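Here you go, one structure.
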Amino acid sequence: TRYARIYVYADMLARFRSDGNWSYKVGNYILTDFSRSATDLMCAYEYQTDEFCYEPVNEAGVYDPNSTNVRISYIKSRKSSVRLDPWFTVGSGDNEKKYTVTRIGGYALLPEVREISLPDTVTYIEDYAFYFNAALTKVNWTHDGVALGAHNISDISLKEIGDYAFYATAIGEFYSNSALTQIGTSAFHMCVNLDTVVLDKGDNLKVGSSAFSQSAISRLIISKNVISLGNSAFQNQSGELTIYIERETPYMDWSIFPFYSCNNVKTVYVFGTNTIDNYADEKGWNAFKTKYKTYTSGWSSMLTNLGVYS
């Protein structure tokens, strides 16, 4: 049942999804896979093409039959590589309607998918979007059908990455974009191939609790566009970790240190004349007291030297 889908009429989706008998997980006799409830697998019967299922939604992500923005709720392909276009049309003549892809819903992919190309019209990758898609190694962003590449995604529309969105996937790198405001709880937890995380851009970006925990990050870049790091955000990295932090004073809005149980930190590069003292004397951050170095050539120069802008 893990990848089954349950189809109901669109005007009944909200009712079914709020019904406790359908949303209950433990002891649920509808499904034997207790990691999901039946409501997680529901699609609107009227809204599907040969390639995917979708739902017209408003800005808040609520079903709205009059909206031309859609959530992709299920991608049917079992191919190793799948692609979503920014727009699609349904119907013909006076009944033709054009939709824009703005959201990726929960549990959207089948397990065979290794690579997905998303249009830059996507603003939300919702909770559990690619949860436990262990074969997924790469997410490509496109503009008008042309691949942008990891170093050229600054202007994509993505605003939020939901909780558990990339949980236990096989992706190897993550680069933030200028519009990004939120990376959810455990969004990249247990991504054991995740080697590089570059948070050089963002719109007052907040990183959730355990967002990148139990991964394999060896290079982590955090710009001052990041305004908060959640509890244990980078806990238990298996890689030998080098950290670059632009902010001159430590992040203080936590109850548990963001790098809790990171015992293999190699170097922490910081910026500013008094920055090392600010970090080395602060609770939690003082665990790296002998690891701090000042990067003297400036933040932009450092990013260029590291190949972030290549």
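Quick note: the coordinates plus some simple rules give every number you see, no bench work behind them. All of these numbers come straight from a predicted model, not from anything done at the bench. Backbone-built Cβ (ideal geometry, glycine too); neighbour counts: all protein chains shown.
According to the Kirkwood expression over distinct Cα-Cα pairs, how big is the hydrodynamic radius of segment 80-179, in Å?
Across segment 80-179, the inverse of the average 1/r is 14.1 Å.
Percent antiparallel among DSSP beta bridges with both residues in the chain, to the nearest 5?
Percentage antiparallel, nearest 5: 25.
If you don't mind, another one. To the nearest 0.05, what FRET efficiency results for Ala14 and Lys224 with a Förster distance of 41 Å applied to their C-beta separation?
Using R0 = 41 Å, I get an efficiency of 0.50.
Trp141's amide H: which non-local residues (gap 5+, or another chain) put their own amide H closer than 5 Å, with H modeled 1.01 Å from N in plane and none for Pro or chain starts?
When sequence neighbours closer than 5 places are left aside, the close amide H contacts are Leu118, Leu148, Gly149.
Taking amide H positions as placed 1.01 Å from N in the peptide plane, with prolines and chain starts having none, which residues 5 or more places from Ser261, or on another chain, fall under 5 Å of its amide H?
The answer is none.
Between the DSSP loop rule and a limit of at most 16 other Cβ atoms within 10 Å, which chymotrypsin sites (Phe, Trp or Tyr not before Pro) in segment 266-310 are left?
Here the sparse-neighbourhood loop sites are Tyr309.
Tell me, in nm to one decimal, what length is gained between Ser23 and Thr181 on full extension, where the rule is 0.36 nm per residue of separation less the Cα-Cα distance?
54.0 nm
What is the dipole size for segment 137-221, taken about its Cα centre, with +1 at each Lys and Arg Cβ and -1 at each Asp and Glu Cβ, in debye to the nearest 20?
140
Another one. Return an integer: the convex hull volume of the alpha-carbon atoms of segment 175-310, in Å³ per residue.
Convex hull of Cα atoms, per residue: 93 Å³.
Another question, if that's okay. Under a point spin-label approximation (7 Å from Cα along Cα-to-Cβ), what is the Asn286-Arg5 distance to one decimal in nm?
5.6
Using modelled backbone amide H atoms (1.01 Å from N, in-plane), which distant-in-sequence or interchain residues come within less than 5 Å of Tyr107's amide H?
Residues meeting the criterion, in which the H sits 1.01 Å from N, are Ala129, Phe130, Tyr131.
Rounding to the nearest 20 debye, state how big the charge dipole of the chain is about its Cα centre with +1 on each Lys and Arg Cβ and -1 on each Asp and Glu Cβ.
Computed charge dipole of the chain: roughly 740 debye.
Give me the lysines in straight-line cross-link reach of Lys293: C-alpha distance below 27 Å, same-chain residues under 8 apart excluded.
Qualifying lysines at Cα under 27 Å: Lys201, Lys206, Lys224, Lys266, Lys283.
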